[in-house]
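Asks: Sharing a structure with you now.
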Amino acid sequence: MFAIYYDHAADEREQNGFRSGEAGLVMAHPEGGLESDRQVWIPPNSLHALEQHGVVAQLNQLPLQIGPIAPGRDAVLEPRALDDAARIFYEADRKTYGNVWEFVVGVSQEPEPLEYRIVIDNRCYQRSLSQLQFLVTSASRRGFAVRLRL
């Protein structure tokens with residue numbers, strides 16, 4: 001089977017088979033309706049690490065207004081879940097030190113068998129986890145929900 005590795009130095013838009021995501025605040029309007037922004041861009045490196053390290057599965061156990069957290073879908077963590085989400089991101093950060101992580105993140109059979117693989121850049125992943133921790137902590141203090149799109 002042939003493998004394509006994620007190139008950390010290349011433009012992520014030119015690398016099919018690898019996804020990026022985003023996260024932001026969800027604010028309720030007094031007259032009704034919701035609005036969301038994008039405060040954190042989640043690069044493919046971090047998105048696939050979140051999935052493969054089980055962080056997404058842990059987040060899916062928390063109270064969600066919209067969910068589950070799944071590829072290409074918006075999910076919304078309820079305000080009451082954000083302190084637990086911050087702890088999950090913090091714990092994930094502690095697990096990155098001193099290891100090299102390589103994951104298969106996709107498989108294609110057309111036109112021939114092909115694996116999409118990524119070797120995690122731990123520093124990039126740690127920056128994303130730090131940004132996500134800050135986002136959910138800030139949202140929790142302000143009573144907002146948080147939207148994740150992976």
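The numbers here are math on the coordinates, done by the rules we state, and not lab data. Everything numeric in this text was worked out from a predicted model, so none of it was measured. Glycine also receives a Cβ, built like all others from the backbone with ideal geometry; neighbour counts cover every protein chain displayed.
Asks: Using amide H atoms built in the peptide plane, which far-off residues or other-chain residues are under 5 Å from GLY106 H to H?
Replies: Under 5 Å from the amide H of GLY106 lie the amide H atoms of TYR116, each far enough along the sequence or on another chain.
Asks: Quick one: dipole size for region 1-55, taken about the Cα centre, charges +1 on Lys/Arg Cβ and -1 on Asp/Glu Cβ, in debye to the nearest 20.
Replies: Using only the charged Cβ atoms, the result is roughly 160 debye.
Asks: With axes computed from alpha carbons, what is the tilt in degrees of helix 82-94 against the longest principal axis of the chain, rounded to the nearest 10 within 0 to 90?
Replies: For helix 82-94, the angle is close to 30 degrees.
Asks: Return a whole-number percent for the relative contact order of region 4-111, with Cα pairs under 8 Å and 6 or more residues apart as the contact set.
Replies: Here the relative contact order equals 19 percent.
Asks: What residue among ILE66, ILE120, ILE88 has the largest mean-square fluctuation in a Gaussian network model of the chain, using Cα springs under 10 Å?
Replies: Sorting by GNM fluctuation, first place goes to ILE66.
Asks: How big is the antiparallel share of DSSP beta bridges in the chain, given as a percent to the nearest 5?
Replies: In the chain, approximately 85 percent of DSSP beta bridges are antiparallel ones.
Asks: I've got another one for you. Given the options ALA49, ALA28, ALA139, state which has the largest fluctuation in a GNM of the chain using a 10 Å cut-off (strictly under) for Cα springs.
Replies: Its mean-square fluctuation being the largest, the pick is ALA28.
Asks: Based only on other Cβ atoms within 10 Å, what is the fewest-to-most ordering of SER130, SER46?
Replies: Final ranking by Cβ density, sparse to dense: SER130, SER46.
Asks: So, one more: Please build a GNM for the chain, connecting alpha carbons under 10 Å apart, and tell me which residue among GLN131, GLN15, GLN109 fluctuates the most.
Replies: GLN109
Asks: Select from region 45-150 those chymotrypsin sites (Phe, Trp or Tyr not before Pro) which occupy a DSSP coil region and have at most 11 other Cβ atoms within 10 Å, ordered by residue number.
Replies: Those satisfying the criteria are TYR97.
Asks: Mind pulling the angle between the C-alpha long axis of helix 122-142 and the longest principal axis of the chain? Nearest 10 degrees, somewhere in 0 to 90.
Replies: 10
Asks: When you take every Cα atom in the chain, what is the radius of gyration, and what is Dmax, the widest Cα pair distance, in Å?
Replies: So, for the chain, Rg and Dmax equal 16.2, 56 Å respectively.
Asks: Another question, if that's okay. Using only the Cα atoms of region 28-104, build the gyration tensor, take square roots of its eigenvalues as a ≥ b ≥ c, and label the shape rounded, prolate or oblate: rounded if a/c is under 1.5, else prolate if a/b is larger than b/c, else oblate.
Replies: Cα axes put region 28-104 in the prolate bin.
Asks: Region 63-150: D in µm²/s via Stokes-Einstein (Kirkwood Rh, Cα pairs, 10 °C, 1.306 mPa s)?
Replies: Reported coefficient: 107 µm²/s.
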